[in-house]
Amino acid sequence: MIEALLKGIPLPTMIVGSDRIVTHTNAGISEIFGRDLAGENVVNLIRQAQASAAIEACLDNGRSGAARFVLSNHSGEHSFQLSAGAIGNGQAVISFEDQTRHEEDDAMRRDFVANISHELRTPLTSLMGFIETLRGPARGDTDAQDRFLSIMEREAERMSRMVSDLLSLSRVEVDERVRPRDQVDISGVLRSVIATLEGKMSDADITVNATNLENAFIVQGDRDQLTQLFLNLIENAIKYGGTGKTIHVSLSTIARDQPLRQPAIKAEIRDEGAGIDPLHLPRLTERFYRVDDHRNRNQGGTGLGLAIVKHIVKRHRGRLEISSKQEVGSQFTVFFPQKS
């Protein structure tokens with residue numbers, strides 16, 4: 001009877017007797033603890049003060065309680081809401097509700113607000129300082145006015161780019177669970193992006209070596225988002241590829257991509273820049289993460305471009321690979337499920 005009841009409870013749950021021995025458990029307990037806990041002493045299992053106190057109060061006084069409980073297992077560290085309730089005869093039922101995702105989301109929101117505040121504080125402080133100077137000491141200084149107005153324009157443009165990227169990131173996150181339905185030719189998107197960036201590449205004395213863009217490569221996708229994806233990747237290659245260098249852009253097909261478990265289209269963007277220290281590669285798609293903060297700001301980067309790329313790729317059910325060798329260059333490879 002008790003086993004059947006526990007089996008129907010979706011949360012990892014166990015029953016503890018007045019002698020502190022675990023008498024019954026469900027499958028969820030074995031999953032999070034890595035073994036069946038029946039017959040073990042709960043005092044030895046739950047060694048965190050608040051969680052232990054909640055269980056003791058329940059067993060001794062019949063008082064229900066809850067506490068945060070952190071457990072490290074084979075899949076990493078998880079945070080649970082431990083709840084203890086009396087069920088008579090000095091026994092208690094103890095359940096564990098996983099709060100890891102909620103805590104991670106809360107931490108992400110806090111970091112996001114802190115990062116936004118940090119990113120906007122500098123240009124706003126700069127603008128306020130220049131406005132005060134133009135109204136005061138530089139009121140009649142034409143040269144100073146021109147110089148300050150130029151800096152103010154640059155800072156205002158930086159804030160505008162930040163707001164634009166934040167809106168783009170918000171939109172793509174909202175759409176991420178909805179798979180696009182249009183048929184899009186990636187080669188056409190890439191040709192259009194390269195044409196759009198011709199002016200920037202000319203100013204940087206950068207050329208493009210395009211391979212296989214004359215053929216059609218059809219995916220199920222959102223043309224606007226795919227355009228933004230390749231704009232972000234190729235603009236990064238222009239910024240960090242180095243003057244007088246070449247950006248290599250290519251498309252190809254793969255009979256079966258193992259991670260995607262199906263035929264795929266592979267799009268590669270490779271630069272010949274200074275490369276990225278391998279230490280930074282796992283974090284490149286995080287919001288506001290910059291390898292070289294000062295250099296990135298001077299280049300006009302917001303630290304959101306690759307985060308946007310990551311979410312667009314996820315929406316298209318693809319995957320992104322980043323590789324780099326210092327003094328050789330960096331390569332960004334996107335794999336899309338091939339439209340059958």
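The values are calculated or read from the model by the stated rules, or taken from the named source; none is laboratory data. What you see is a predicted model; the values in this text were computed from it and never measured. Heads up, the Cβs are rebuilt from the backbone with ideal geometry, glycines too, and the neighbour counts pull from every protein chain shown.
Does residue 195 satisfy being of a type in the set (Gly, Ala, Ser), assigned by TED's automatic domain parsing to the domain that holds residue 260 and closer than 30 Å to residue 242 by Cα? Break it down stepwise before answering.
Numbers: of a type in the set (Gly, Ala, Ser): yes; assigned by TED's automatic domain parsing to the domain that holds residue 260: yes; closer than 30 Å to residue 242 by Cα: yes.
For residue 195, the condition - of a type in the set (Gly, Ala, Ser), assigned by TED's automatic domain parsing to the domain that holds residue 260 and closer than 30 Å to residue 242 by Cα - is met.
When each of 22, 93, 42, 16 is tested for being of a type outside the set (Gly, Ala, Ser), closer than 16 Å to residue 2 by Cβ, buried (at least 19 other Cβ atoms within 10 Å of the Cβ) and free of Cβ contacts under 8 Å to residues at least 60 places away in the same chain, the lone residue that passes is 22.
Restricting attention to the range 273-315, report how many residues are at pLDDT 85 or above, of a type outside the set (D, E, K, R) and assigned to a loop (DSSP other than H, G, I, E, B). Here the count works out to 7. For residue 187, are the conditions met, namely being assigned by TED's automatic domain parsing to the domain that holds residue 253, at pLDDT 85 or above, in a helix (DSSP H, G or I) and polar (S, T, N, Q)? Taking the combined requirement at face value, the residue satisfies it.
For the range 214-253, name all the residues that are part of a loop (DSSP other than H, G, I, E, B), in contact with an Asp or Glu (Cβ under 7 Å, 6 or more places away or on another chain) and either more than 16 Å from residue 336 (Cα to Cα) or among the small types (Gly, Ala, Ser) (or both).
If the condition is that a residue be part of a loop (DSSP other than H, G, I, E, B), in contact with an Asp or Glu (Cβ under 7 Å, 6 or more places away or on another chain) and either more than 16 Å from residue 336 (Cα to Cα) or among the small types (Gly, Ala, Ser) (or both), then 216, 241, 242, 243, 244, 245 are the ones that fit.
Answer yes if at least one residue in the range 212-222 is assigned by TED's automatic domain parsing to the domain that holds residue 284, buried (at least 16 other Cβ atoms within 10 Å of the Cβ), in contact with a helix residue (DSSP H, G or I) (Cβ under 6 Å, 6 or more places away or on another chain) and farther than 19 Å from residue 310 by Cα, and no otherwise. For the range 212-222, residues assigned by TED's automatic domain parsing to the domain that holds residue 284, buried (at least 16 other Cβ atoms within 10 Å of the Cβ), in contact with a helix residue (DSSP H, G or I) (Cβ under 6 Å, 6 or more places away or on another chain) and farther than 19 Å from residue 310 by Cα: present.
Select from the range 241-272 the residues that are surrounded by fewer than 22 Cβ atoms within 10 Å (Cβ to Cβ) and under 14 Å from residue 205 (Cα atoms) and write down the one among them that is modelled with the lowest pLDDT. The qualifying residue modelled with the lowest pLDDT is 242.
Where helices (runs of 4 or more DSSP H) sit wholly within the range 1-104, those with at least 2 residues that are among the β-branched types (Val, Ile, Thr) occupy 27-33, 42-45.
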